Amino acid sequence: MSDLRHSPAHEAEADDELARRARLGDKRAFADLVDRHGPVVHRFAARLVGPDEADDVAQETFVTAWTSLDRYRGASAFRTWLLGIAANHARHRLRWDARHPRGPLPDPDEPATVLGAHDAGPDRRAIGDAFVDALEKALDELPVMQRACWILRDVEGLSYAEVAEVQATTVTAVRGALHRARTALASRLEPWR
Amino acid sequence: MKDEHETVPPSGDELLARAASTLRALTDDGWVRAHPRVLERALRVVRPARSVVGRHAHGTFEVAVPVLVTRIREHLDDIGDVRTLKVTCVVDDDDDLDSVRVEVSVAFGSAIAAVAERVRTEVRHVVAAATGVRLDADQVAVDLMVEDVHRPTS
């Protein structure tokens with residue numbers, strides 16, 4: 001028997017209720033929202049900017065959420081709204097890093113901005129699987145847009161419309177990016193078939 | 001490199017499904033480590049807001065609007081069958097509190113007039129306690145929304 005308390009509709013209602021209370025200054029409600037969505041926000045950030053900067057992006061995301069809750073009207077799922085904020089901060093950070101390289105200048109022909117996402121030490125070691133190494137390397141080699149679309153759609157289970165909202169683009173563009181991401185990943189993971 | 005338990009090579013779709021489920025299964029060590037700092041930092045950030053002038057026997061003081069809103073919300077939460085949706089403090093150019101608009105929802109079947117009056121009384125009481133300013137009844141507007149299903153707030 002399915003548990004209605006954990007259905008997507010019920011989860012969304014719970015989020016809206018917590019957001020309503022947090023908007024009115026209830027810090028406990030906001031802490032609950034952080035608990036509920038922190039893992040996905042941090043995971044998404046880590047895949048975009050790398051583990052070293054994921055903490056900062058997650059922090060910036062929740063600071064923005066706390067100070068901007070008045071702008072959340074419930075038109076989209078709270079998780080989608082949060083991931084949109086995270087994507088903005090990640091894009092900003094990637095642009096900044098591209099303009100202010102800390103090491104040798106990157107080769108402009110490189111496919112994507114790679115900030116060591118595959119060096120996720122504890123997370124990856126916990127699995128201890130060579131497949132994870134290959135997967136993370138393959139993900140790092142994807143352009144950021146494709147990587148984000150694949151993570152949001154295939155890993156986190158967002159709808160095409162939600163991915164488009166997070167990425168501030170169209171559903172058509174998401175479908176295209178996702179198709180290219182899946183093709184590239186399948187090709188790079190071919191040895192594991 | 002292949003999983004030794006696999007007898008049939010996975011298709012491209014199965015491979016991608018395995019990749020996605022592998023990422024979902026990764027532990028959230030990074031988040032567990034970052035969580036306390038992220039929450040503490042976020043809640044330390046002060047929301048940009050105006051203040052209202054409070055008055056007492058020895059002079060005036062300022063109360064940030066979010067503080068007042070939080071106080072109002074806490075008191076209205078104690079009223080059964082009421083869910084506060086929004087509290088708006090209207091402040092004039094001199095930072096004096098001009099009026100308060102409260103949007104609440106009540107469960108279908110509630111005594112609407114009585115609830116509205118209770119809300120209005122509570123708001124006036126909270127404002128007076130927090131700022132020393134006594135609002136007239138017509139300075140507190142209560143917008144009521146009646147809902148079919150009224151879920152508990154906790």
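The values are calculated or read from the model by the stated rules, or taken from the named source; none is laboratory data. These figures come from a predicted structure and were not determined experimentally. All Cβ positions, even for glycine, are placed from backbone atoms using ideal geometry, and neighbour counts span all protein chains on display. The accessibility values were calculated without ligands, DNA or RNA, using every heavy atom of the protein model including side chains. Shrake-Rupley method; radii C 1.70, N 1.55, O 1.52, S 1.80 Å.
For residue B:133, nonlocal amide neighbours, meaning residues 5 or more places apart or on other chains whose placed amide H falls under 5 Å from its own, are B:55.
Pairing chain B with chain A buries about 4500 Å² of accessible area. This figure sums both sides and uses a 1.4 Å probe. For region B:38-116, the set of trypsin sites (Lys or Arg not before Pro) satisfying both a DSSP loop assignment and a count of at most 15 other C-beta atoms within 10 Å is given as B:50. The angle between the Cα long axis of helix B:65-77 and the longest principal axis of the Cα atoms of chain B comes to about 90 degrees, rounded to the nearest 10. Quick one: angle between helix B:112-131 and the longest Cα principal axis of chain B, in degrees between 0 and 90, rounded to 10, please. The two axes meet at around 80 degrees.
Kindly report the accessible area of region B:51-147 per residue (heavy atoms of protein chains, probe 1.4 Å, no ligands, DNA or RNA), in Å².
On the way: 4990 Å² over 97 residues.
It amounts to 51 Å² per residue over region B:51-147.
Placing dummy labels 7 Å off each Cα toward the beta-carbon, the span from residue B:95 to residue A:13 is 4.3 nm.
Would you work out what percent of the accessible area of region B:51-147, with all protein chains in place, is carbon or sulfur (probe 1.4 Å)?
Of all accessible area on region B:51-147, carbon and sulfur atoms account for 48 percent.
Database remark: amide H of residue B:146 closer than 5 angstrom to the amide H of B:106 (H placed geometrically; neighbours at sequence offset of 5 or more, or on other chains; Pro and chain starts carry no H). By the helix-only formula, in which each DSSP H run with n ≥ 4 contributes -39500 (n - 2.57) and the sum is divided by residues, chain B has a 222 nm mean residue ellipticity of -13500 deg cm²/dmol. Cα convex hull, region B:1-127: 246 Å³ per residue, rounded to a whole number. Among B:105, B:21, B:51, the residue with the largest mean-square fluctuation in a Gaussian network model of chain B, with springs joining Cα atoms closer than 10 Å, is B:21.
Over region A:151-193, with every protein chain in place, what whole percent of the accessible area is carbon and sulfur at 1.4 Å, could you tell me? Percent of accessible area from carbon and sulfur atoms in region A:151-193: 51. Comparing B:43, B:97, B:15, which has the greatest mean-square fluctuation in the GNM of chain B with Cα pairs linked when under 10 Å apart? With Cα springs under 10 Å in chain B, the top fluctuation among B:43, B:97, B:15 is at B:15. Over chain B, what is the percentage of antiparallel beta bridges among all DSSP beta bridges, to the nearest 5? Bridges in chain B are about 65 percent antiparallel.
Highest mobility in the GNM of chain B, judged by mean-square fluctuation with C-alpha springs under 10 Å and restricted to B:75, B:35, B:125, is found for B:35. Subtracting the Cα-Cα distance of residue B:129 and residue B:78 from 0.36 nm times their residue separation leaves 16.7 nm of extension gain.
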